[in-house]
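Single-structure report; data block below.
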Amino acid sequence: MDSPNLRDKINRLPMTPGIYLMKDSEGGILYIGKARALRKRVASYLILRSEFPKVKILMSKVANIDYVETSTEVDALLLEAQLIQKYQPRYNQELKDDKSYPLLKITHETFPRIHLTRNKTDKKATYYGPYTDAKLLREAIALINTLFPLRKCQTLPKTACLYYHIGQCLAPCIKPEVKSEYDKVLEETKRFVGGGKKSFMEYLYERMRQAAEELRFEDAQYFKEQMEALGRLRKKRFSLKRQDLSVALSATLQLKKVLGMEKLPEKIVCFDVSNTQGDEAVASKVSFYRELPDKIEYRRYKIRTVTGIDDYAMIQEALSRMLVGLKEGRETFIPDVILIDGGKGHLSAAREVLQKEEFENTELLSIAKRFETIYSVKTDEPLALSRDASALYLLQKIRDEAHRFAITYHRSLKVKALGRSALDEVPGIGEKRKKILLRQFDSVEEIKRAGIAQLAGLPGMNKAAAQKIWDFFHSRNVV
């Protein structure tokens, strides 16, 4: 390993994503790995060998290093798994035998779907992997689900979902006749995942060229459209990442340091809940990228499984729905940090969900309102952030936005509920005036307490209508 020629070769490796193959003196492959930056990753072995016995043994046998560049780190992850499965390198056997590594699963159903798993309990399903990076695998699944219109829903709904309307699902839920077309898309998915290509783009290009040569012009057009979609997707992602490179991002850098993270926490999501004595309970998720809101990734959750006042359970339901969505490829915004609006109890409740859904390596924080204290699952003590710390200000801003988003949704549901209640019974009050009342008052009790003059002074109201409303609420016992 100390060979000057080998060191020189490492120094000449590109700083691009790809996979590297460590070989012995006879050309046999000892180890295959992936990298975000090939030169940086391979050079790290020169340092790691002095710290880890296994690495030292491996490096003592390495005589040459080959590499394959890829377009993205996600492409590198998929190619790494394919080559490991093909060549079975000796020093990758621990990956093959370790059941904790993630797998890509295609379910055995009439209309199969694709998601991440860590076990092979379903013997009829198709599995690929294992893979070395769960986060990158989720990104790969999200990209596959974007390019190949497979079903995303865990159970088939009764009506077509958003994915059908944006061209990312064939909607077998309402169109069972698409079975043959669906199977064709599924075969393309399997062909890509197991095909050993360097990138999504390379695969699509070769399939388009092959279809054109065989005069299958409709198929060729399909692959061309998928290439164009991938190009737009990458352009959107890269432009989003580059738009703020001139900004210092001091808060994010400070948060990285305080949390001891290896990479910059660019993606942060925050959850909050809102309800009135347990009624119309909702949760919100806001998403921030590079300290700015990414409103496309905002989500509202109407709580389904919790009755009464139980903020912990509500947080757990909302968080679980996001994580399951990530695992199944329906969600694509994979957070570096998850923030919960609440104290230690809320943090513990959220931690249970992360452990259950196998996201325990994701940074998890909570922010308690009273003293604006930040808690982490890594330590019993609050994070050491001064009151004027930029990281604290960022987390407060994200929390406040989550609170606003939850409150807005909760109020809209309350307004709808009010609209279906006592106001329907007021004689002579139509939909227009009912909407005016619902915009001005938060509850029936507030309307009951309002005087005739206050009601008559509202836009679109008059004294006669105000009198009818007052008479209705005061001439009978209306709840």
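Brief remarks follow.
- Probe 1.4 Å, protein heavy atoms only - accessible area per residue of segment 1-85 in square angstrom: 50
- Dimensions of segment 112-201 along the principal axes, based on C-alpha atoms and rounded to the nearest Å, stand at 37, 33, 23, largest first.
- Between the beta carbons of Lys224 and Ile296, assuming R0 = 25 Å, the FRET efficiency works out to 0.45 to the nearest 0.05.
- Here the chain is treated with +1 on each Lys and Arg Cβ and -1 on each Asp and Glu Cβ, and its dipole about the Cα centre works out to around 540 debye.
- Put the Cα centre of segment 138-154 next to the Cα centre of segment 343-399 and the gap is 30 Å.
- Gain in span if fully extended, Lys184 to Asn11, counting 0.36 nm per residue against the direct Cα distance: 57.8 nm
- Accessible area expressed per residue, segment 118-214, with surrounding protein chains retained (probe 1.4 Å, Å²): 50
- Restriction of the GluC sites (Glu not before Pro) in segment 15-117 to DSSP coil positions whose beta-carbon has at most 14 other beta-carbons within 10 angstrom yields Glu26, Glu51, Glu109.
- Compared with the dominant principal axis of the Cα atoms in the chain, helix 344-356 is inclined by about 50°.
- Estimated FRET transfer efficiency when R0 is 51 angstrom, pair Ala160-Arg370 (beta carbons, to 0.05): 0.65
- Separation of the Glu213 and Glu26 label points, Cα + 7 Å toward Cβ, nm: 3.6
- Packing, as the average of other Cβ atoms within 10 Å across residues, places the peptides 15-22, 53-60 in the order 15-22, 53-60, highest first.
- Cα-based helix-to-principal-axis angle, 390-419 vs the chain, degrees rounded to 10: 50
- Accessible carbon and sulfur surface of the chain relative to its total accessible area, %, 1.4 Å: 50
- The angle between the Cα long axis of helix 431-440 and the main principal axis of the chain comes to about 80°, on a 0 to 90 degree scale.
- Over the chain, volume per residue of the alpha carbon convex hull, in Å³: 213
- Taking all protein chains into account, the per residue accessible area for segment 252-396 stands at 45 Å² (1.4 Å probe).
- Whole-Å distance, taken between Cα centres, linking segment 37-67 and segment 162-179: 48
The values are calculated or read from the model by the stated rules, or taken from the named source; none is laboratory data. For clarity, every value in this text was computed on a predicted model and none was experimentally measured. Don't worry about glycine lacking a Cβ; one is built from the backbone with ideal geometry, like all the others, and counts go over all protein chains shown. Quick note on the areas: whole protein, heavy atoms, side chains included, nothing else; ligands and nucleic acids left out. Shrake-Rupley method; radii C 1.70, N 1.55, O 1.52, S 1.80 Å.
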